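Read through the structure below, which is laid out as structure tokens, and then see the notes.
The values are calculated or read from the model by the stated rules, or taken from the named source; none is laboratory data. These figures come from a predicted structure and were not determined experimentally. Ideal geometry is used to build each Cβ from the backbone, glycine not excepted, and the neighbour counts take in all protein chains shown. Ligands, DNA and RNA are stripped out before the accessible areas are found, and what is left, the full protein with its side chains, is counted by its heavy atoms. Shrake-Rupley method; radii C 1.70, N 1.55, O 1.52, S 1.80 Å.
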Amino acid sequence: MTFTAFDRIPRDCLPALLRAMPKAELHMHVEGSLEPELIFRLAQRNGVALAYPSVEALRAAYAFTDLQSFLDIYYAGASVLLKEEDFFDLAWAYLQRAAADNVLHAEIFFDPQTHTARGVPIETVIKGLDHACRRAHQELRISAKLILCFLRHLSEDEALATLEAALPYRHHFIGVGLDSSERGHPPEKFVRVFDRARAAGLHVVAHAGEEGPPEYIRSALDMLEVERIDHGVRSIEDPALMARLAREGIPLTVCPLSNVRLCVYKTMAEHQLPALLAAGLKATVNSDDPAYFGGYINQNFVETFAALPQLGAREAYVLARNSFEASFADDAAKAGWIAQLDEAFAAAAQ
Ligand code: ADE
Ligand code: ZN
């Protein structure tokens, strides 16, 4: 660790520091950044009928009881995305918000099967998103990469077909992930498609231990050979697994507001992020589906730290540093971002 003067940063400076500190976002589903206002705008532009009469009525429906109750609304919202420019508008809106939150690097999930199932060509999806990433790099100075996620409630054969259809656009995405309904769809269902992705030189990550048991985290590591675990909060139930995650330095992309909105924890005060950090796990903070869960990455940081007094300036630094170290960027980029992080903390300690 480079910066060490954490006791020179007063607690009342924390919210401003959390917002200002440079950070990476590693767990954000671009379809989950589709704000109700954009849903209505795209529905009108594309002539798609919506089940809700207004933005307010749609927002009022965002009261979730578990992951599935959210996914049902999330997939319905994505039905307005049809053309390349729709995917561009979606990702561009997210990247502007991320840049405003001092995100220097974003690894963005997308769910092609949500769109190809409605007849949208995978090329349309990838080209629209890629265009936004390239423009963001030029105009917002934010580094943005794409990770293609397979929907785990569908079959492995469908995931394999999706990967084959995406491989001609291989240069537009850096990895694959696994998302959607976790319970009853263990990682081992997707061994062949992850083997194929790794053989194609892609990075591999998977959602595990969000609602599913710690055993799913083990099988994501052992059978899919993932480099990061998305969520992974249920590792707290299994001390041997926690010790392994710490020993092997496996990053967890934790999403605190998501966990509270999807009732993994009743309140933020019960969130286990402090215990994960205290056990030496390489945890990061991310927004998951910011349009649905009450905020983007800075909102996650600020609300989490406000509810958990165990989290102070040291943990803020560790989380931001972890986000860069856990990213799939090259070592030179990581070193440059961490130098900027050190500068931000040094300025706060003045
Ligand atoms: N897709 C979008 N958000 C998700 C989440 N939190 N878990 C699983 N799949 C998702
Ligand atoms: Zn997620």
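Could you say which residue among V233, V260, V285 is within 16 Å of ligand 1 (Cβ to nearest atom), in contact with a helix residue (DSSP H, G or I) (Cβ under 8 Å, 6 or more places away or on another chain) and closer than 25 Å to V191 by Cα?
Details: V260 fails: closer than 25 Å to V191 by Cα; V285 fails: closer than 25 Å to V191 by Cα.
Going through V233, V260, V285 in turn, just one is within 16 Å of ligand 1 (Cβ to nearest atom), in contact with a helix residue (DSSP H, G or I) (Cβ under 8 Å, 6 or more places away or on another chain) and closer than 25 Å to V191 by Cα: V233.
Counting the residues of the range 247-265 that are of a type outside the set (G, A, S) and part of a helix (DSSP H, G or I) gives 7.
Given the structure, is V125 under 25 Å from Q68 (Cα atoms), in contact with a Pro (Cβ under 8 Å, 6 or more places away or on another chain) and at pLDDT 95 or above? Reasoning before the result, please.
Details: under 25 Å from Q68 (Cα atoms): yes; in contact with a Pro (Cβ under 8 Å, 6 or more places away or on another chain): yes; at pLDDT 95 or above: yes.
For V125, the condition - under 25 Å from Q68 (Cα atoms), in contact with a Pro (Cβ under 8 Å, 6 or more places away or on another chain) and at pLDDT 95 or above - is met.
If you go through the range 56-68 and keep only what is in contact (Cβ under 8 Å) with a residue 40 or more places away in the chain and of a type outside the set (A, V, I, L, M, F, W, C), you end up with Y62, T65, D66, Q68.
With the structure loaded, tell me whether Y265 is surrounded by fewer than 24 Cβ atoms within 10 Å (Cβ to Cβ), more than 18 Å from the chain's Cα centre (by Cα) and within 16 Å of ligand 2 (Cβ to nearest atom) or whether it fails that test. So Y265 fits the description; yes.
Take the residues in the range 87-98 that are closer than 16 Å to G295 by Cβ and of a type outside the set (D, E, K, R), then tell me which one is farthest from ligand 2 (Cβ to nearest atom).
Our first condition is that a residue be closer than 16 Å to G295 by Cβ; within the range 87-98, this holds for 93-94, 96-98.
Applying the additional criterion that residues be of a type outside the set (D, E, K, R) yields 93-94, 96, 98.
On the way: A93: 18, Y94: 14, Q96: 21, A98: 16 Å.
Among those that are closer than 16 Å to G295 by Cβ and of a type outside the set (D, E, K, R), it is Q96.
Of all the numbered requirements in (1) within 30 Å of A316 (Cβ to Cβ); (2) surrounded by 22 or more Cβ atoms within 10 Å (Cβ to Cβ); (3) among the small types (G, A, S), A100 misses one, and that requirement is (2). Residue pairs, Cβ under 6 Å, 6 or more apart or interchain, first in the range 299-320 and buried (at least 16 other Cβ atoms within 10 Å of the Cβ), second basic (K, R) and modelled with pLDDT of 95 or more. List them. What qualifies is A320/K23. For the range 87-123, residues that are away from ligand 1 (no atom under 16 Å from the Cβ), in a loop (DSSP other than H, G, I, E, B) and among the hydrophobic types (A, V, I, L, M, F, W, C) total 1. When the range 279-310 is filtered for residues that are within 15 Å of ligand 2 (Cβ to nearest atom) and of a type in the set (D, E, K, R), the ones remaining, listed by number, are D288, D289. The condition (being touching a residue at least 60 places away in the same chain (Cβ under 8 Å) and of a type outside the set (D, E, K, R)) is satisfied by just one residue among P10, P36, P53: P36. Among the residues making up the range 289-317, those that are within 16 Å of ligand 1 (Cβ to nearest atom) and in contact with a strand residue (DSSP E or B) (Cβ under 6 Å, 6 or more places away or on another chain) are D289, I297, N300.
Within the range 107-120, identify whether any single residue is among the aromatic types (F, W, Y), in contact with a Ser or Thr (Cβ under 9 Å, 6 or more places away or on another chain) and within 16 Å of ligand 2 (Cβ to nearest atom), and answer yes or no.
So the first thing to find is which residues in the range 107-120 are among the aromatic types (F, W, Y), and the list is 109-110.
Now narrow it down to the ones that are in contact with a Ser or Thr (Cβ under 9 Å, 6 or more places away or on another chain): none.
No; the residues of the range 107-120 include none that is among the aromatic types (F, W, Y), in contact with a Ser or Thr (Cβ under 9 Å, 6 or more places away or on another chain) and within 16 Å of ligand 2 (Cβ to nearest atom).
Residues in the range 318-332 that are aliphatic (A, V, I, L, M) and touching a strand residue (DSSP E or B) at 6+ places or on another chain (Cβ under 7 Å) were compared, and the one that is farthest from S143 (Cα to Cα) is L319.
Scanning the range 218-251 for residues that are within 16 Å of ligand 2 (Cβ to nearest atom) and in contact with a Lys or Arg (Cβ under 7 Å, 6 or more places away or on another chain) gives a single hit, P251. Restricting the search to strands (runs of 3 or more DSSP E) fully inside the range 136-246 and requiring at least 2 residues that are open to solvent by less than 10 Å² (accessible area, probe 1.4 Å) and in contact with a Ser or Thr (Cβ under 9 Å, 6 or more places away or on another chain) gives 143-151, 203-208, 228-231.
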